[in-house]
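Participant: This is the structure I have questions about; it appears just below.
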Amino acid sequence: MRKVFLITGFNNWGKTFLIKKMFHQKIYHYNKLYKFLDINFCVQPQSNDDLKRIKFQNKLKRRFEKLREANIKLTHICAAFCPTKEQHNNSVEIIKELFSKDEVHIIAIKHKWCLHGQLNINQIEKYYSDLKYVTIHTLTETDKDNKMPELTRIMQPLL
């Protein structure tokens, strides 16, 4: 079973910023894995909000295919993710389509990097409650420069 970590927030929330800090990369190739805490991850830095549902799903499927073609075992996935409810970009349907056989961890970024927004964690927990293979974790740090240590503390025991 693969372990999936969805770094979750809305548009311009700091998801890609965190992913860049995690993997010390700006560009992520389809046929390569990237290390975080000595674990190899397939990384999708653009969210379903950036790409929309179909393109997001296709990019991840292409990454999975390229890794399989290179005989690289895929055990961990990290992706930027937006908890959208719109029918054309429904995040529950995306999770069902891509990760229904996986252990999924939503890392919800509670505070937008500029502190002008906050996720309603109770709503997110309720929205994904029917997906029994999904667990919600909350990143509560408000200072963008201190989010990495908290993210590491959340993820380390889950790896």
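Participant: Go over the candidates K20, K35 one by one and state the one that is free of Cβ contacts under 8 Å to residues at least 24 places away in the same chain, among the basic types (K, R) and within 22 Å of L158 (Cα to Cα). Before you say what the answer is, go through the steps one by one.
Facilitator: On the way: K20 fails: free of Cβ contacts under 8 Å to residues at least 24 places away in the same chain.
Residue meeting the stated conditions: K35.
Participant: Between a residue in region 44-68 that is in contact (Cβ under 8 Å) with a residue 40 or more places away in the chain and any residue that is among the small types (G, A, S) and open to solvent by less than 80 Å² (accessible area, probe 1.4 Å), which pairs come within a Cβ distance under 8 Å, given they are 6 or more apart or on different chains?
Facilitator: So the pair list comes out as N48/S91.
Participant: What tally of residues in region 24-50 results from selecting those that are closer than 19 Å to W13 by Cα, within 14 Å of the chain's Cα centre (by Cα) and open to solvent by less than 80 Å² (accessible area, probe 1.4 Å)?
Facilitator: Summing the residues that are closer than 19 Å to W13 by Cα, within 14 Å of the chain's Cα centre (by Cα) and open to solvent by less than 80 Å² (accessible area, probe 1.4 Å) in region 24-50 gives 7.
Participant: Here's something else I'd like to know. Checking the structure you have, find out if any residue of region 34-42 is closer than 22 Å to L131 by Cβ and modelled with pLDDT of 95 or more. Give the derivation first.
Facilitator: First pass over region 34-42, keeping only residues closer than 22 Å to L131 by Cβ: 41-42.
Filter once more, so that each one left must be modelled with pLDDT of 95 or more: 41-42.
Within region 34-42, one or more residues are closer than 22 Å to L131 by Cβ and modelled with pLDDT of 95 or more.
Participant: Name the helices (runs of 4 or more DSSP H) wholly within region 52-159 that hold at least 1 residues that are under 22 Å from I39 (Cβ atoms) and open to solvent by 60 Å² or more (accessible area, probe 1.4 Å)?
Facilitator: Working: elements: 53-69, 91-99, 121-127, 147-155.
Filter on region 52-159 gives 53-69, 147-155.
Participant: Quickly run through region 1-23 and pick out the residues that are open to solvent by less than 10 Å² (accessible area, probe 1.4 Å), part of a strand (DSSP E or B) and not aromatic (F, W, Y).
Facilitator: Of everything in region 1-23, those that are open to solvent by less than 10 Å² (accessible area, probe 1.4 Å), part of a strand (DSSP E or B) and not aromatic (F, W, Y) turn out to be V4, L6, I7, T8.
The values are calculated or read from the model by the stated rules, or taken from the named source; none is laboratory data. This one's a predicted model, so the numbers in the text were calculated from it and none came from an experiment. No Cβ is skipped: glycine too gets one built from the backbone with ideal geometry, and neighbour counts run over all protein chains shown. When the accessible area is computed, the model is the full protein with side chains, heavy atoms only, and any ligands, DNA or RNA have been set aside. Shrake-Rupley method; radii C 1.70, N 1.55, O 1.52, S 1.80 Å.
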